[in-house]
Amino acid sequence: MDYVLQVPSYGWCDLEGRLVIPTSRQILKECWFRLNIFRTKKNWLGFFNWIKVLLLIPCLFIFLLQYFNFHLLGIAFIYSMVVMGTHGTIWYHRYCTHGAYTFRNKFWRFITRNMTINMIPEEIYVISHHVHHAKSDQPGDPYNAGAGFLYCFLADVNHQTISGFLTEDEYARVVRMMGHSGVRPNTYRQYQKWGSVARPGWSLGGWILNWAFWGVAFYLLGGAPLVFALFGAAGFWAIGVRTFNYEGHGKGKDKHKEGVDFNKDDLSINQLWPGYVAGEWHNNHHLFPSSARSGFLNYQLDLAWYYIKFLKIIGAVSSYHDSKKLFLSQYLQPYMKKKKP
């Protein structure tokens, strides 16, 4: 976890181990350096990630300027906030990163992976998120809220790609971290050329097929207006999700609430909006990262958990971890006893 990610030019910490807080200019310069595919082809993954977003921004404007109506706006809002948000929790967060549940077979894994418009390469999310948990709110955390909004917003480019200098054994360990996700990995020699686990051709092909399928499906359901509304909504979500870890860690400040946030080891907090629309009760998740459910309290709606539970009922998921009982016995019940006069 100390060196699996590519270190930014400004570093993670100073000589005394304190978090380096780069200037906005340093962050933007690093972003351009990491996106420049003409400098090195190893920048392809970060470039690929942002190209998807840039391609969808025109869709959002075409919808707003040419096809806008409140009915479609409502559909786009639900697709962006609830469908895309919940899918991110189901797929990237609970399955690909933490292995909180297992699929019965590859078919259901494929269906779940492609349940929405494809936006984020799994590799960018998964490896860096393991580092985030190992070094939460400490130097080396790729989206450390203490370094500011822009530090978190551009973390996918500046801080989340893997190092290009891993040994063959170290690279094999990284591949194993991604093994259950279904991502087709590069050989070590290919990794040395491309600087990534994911194969460019495989990633590009999967992206094109995913967008083609959803483009045709949306067109058949609602014509061009629905296509532009929902693809624009996906682009809006992809920009908005980059703000989450800054907000989800209290903007770098201790915003824990008594009886709500039981994990005091980092700055993660439970927030109503991400919780209700995406099942992302972040403080709970930091308590029990491998749990397929993070909505532990009665009011904490967890749509991602309902999907996983449904797949278990129909036999598509073979097993899952549910840490609610542990949360109740280890945290909530002692808290309630302590509160009694």
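The values are calculated or read from the model by the stated rules, or taken from the named source; none is laboratory data. Everything quoted here is computed from the prediction, not taken from an experiment. Cβ sites come from the backbone with ideal geometry, for glycine too, and all protein chains shown count toward neighbours.
When we screen ASN270, ASN210 for residues that are farther than 21 Å from TYR67 by Cβ, out of contact with any helix residue (DSSP H, G or I) (no Cβ under 7 Å at 6 or more places or on another chain) and polar (S, T, N, Q), the only hit is ASN210. Just one residue in the set LEU204, LEU209 is part of a helix (DSSP H, G or I), out of contact with any His (no Cβ under 8 Å at 6 or more places or on another chain) and without any contact (Cβ under 8 Å) to a residue 60 or more places away in the chain; that residue is LEU209.
The residue list GLY235, GLY148 contains one member that is under 30 Å from ILE75 (Cβ atoms), buried (at least 16 other Cβ atoms within 10 Å of the Cβ) and either touching a helix residue (DSSP H, G or I) at 6+ places or on another chain (Cβ under 8 Å) or at pLDDT 95 or above (or both), which is GLY235. Across the stretch 62-73, the qualifying residues are those that are in a helix (DSSP H, G or I) and surrounded by 12 or more Cβ atoms within 10 Å (Cβ to Cβ), and the one among them that is farthest from the chain's Cα centre (by Cα) is TYR67. Residues that are outside any loop (DSSP other than H, G, I, E, B), surrounded by 19 or more Cβ atoms within 10 Å (Cβ to Cβ), out of contact with any strand residue (DSSP E or B) (no Cβ under 8 Å at 6 or more places or on another chain) and not hydrophobic (A, V, I, L, M, F, W, C) occur at least once in the stretch 173-185. In the stretch 45-59, what residues are surrounded by fewer than 20 Cβ atoms within 10 Å (Cβ to Cβ) and either touching a Ser or Thr at 6+ places or on another chain (Cβ under 6 Å) or under 22 Å from ASN114 (Cα atoms) (or both)? If the condition is that a residue be surrounded by fewer than 20 Cβ atoms within 10 Å (Cβ to Cβ) and either touching a Ser or Thr at 6+ places or on another chain (Cβ under 6 Å) or under 22 Å from ASN114 (Cα atoms) (or both), then PHE47, PHE48, TRP50, ILE51, LYS52, VAL53, LEU54, LEU55, ILE57, CYS59 are the ones that fit. Residues of the stretch 143-158 that are assigned to a loop (DSSP other than H, G, I, E, B) and out of contact with any Cys (no Cβ under 9 Å at 6 or more places or on another chain): GLY148 alone.
Counting residues in the stretch 77-96 that are polar (S, T, N, Q), over 23 Å from the mean Cα position of the chain (by Cα) and part of a helix (DSSP H, G or I) gives zero. Here SER323 clears all of (1) in contact with a helix residue (DSSP H, G or I) (Cβ under 7 Å, 6 or more places away or on another chain); (2) surrounded by 20 or more Cβ atoms within 10 Å (Cβ to Cβ) except the condition numbered (1). What residue, of MET84, MET1, is within 29 Å of VAL175 (Cβ to Cβ), surrounded by fewer than 18 Cβ atoms within 10 Å (Cβ to Cβ) and in contact (Cβ under 8 Å) with a residue 24 or more places away in the chain? MET1 is the lone residue from the list that is within 29 Å of VAL175 (Cβ to Cβ), surrounded by fewer than 18 Cβ atoms within 10 Å (Cβ to Cβ) and in contact (Cβ under 8 Å) with a residue 24 or more places away in the chain.
For the stretch 117-141, the set of residues classified as part of a loop (DSSP other than H, G, I, E, B), buried (at least 23 other Cβ atoms within 10 Å of the Cβ) and over 11 Å from the mean Cα position of the chain (by Cα) consists of ILE117, ASP141, listed by residue number. Looking only at residues of the stretch 264-276 that are without any contact (Cβ under 8 Å) to a residue 40 or more places away in the chain and under 17 Å from ASP302 (Cβ atoms), we find that the one that is surrounded by the most Cβ atoms within 10 Å (Cβ to Cβ) is ASN270. Within the stretch 257-276, one or more residues are outside any loop (DSSP other than H, G, I, E, B), closer than 30 Å to TYR331 by Cβ, of a type in the set (A, V, I, L, M) and at pLDDT 95 or above. For the stretch 113-130, the set of residues classified as more than 15 Å from GLY206 (Cβ to Cβ) and either charged (D, E, K, R) or touching a Pro at 6+ places or on another chain (Cβ under 6 Å) (or both) consists of SER128 only.
Do you know which of the residues in the stretch 283-307 that are more than 22 Å from PHE103 (Cβ to Cβ) and either touching a residue at least 24 places away in the same chain (Cβ under 8 Å) or basic (Lys, Arg) (or both) is surrounded by the most Cβ atoms within 10 Å (Cβ to Cβ)? Step by step, filter the stretch 283-307, then rank; the result is ASN284.
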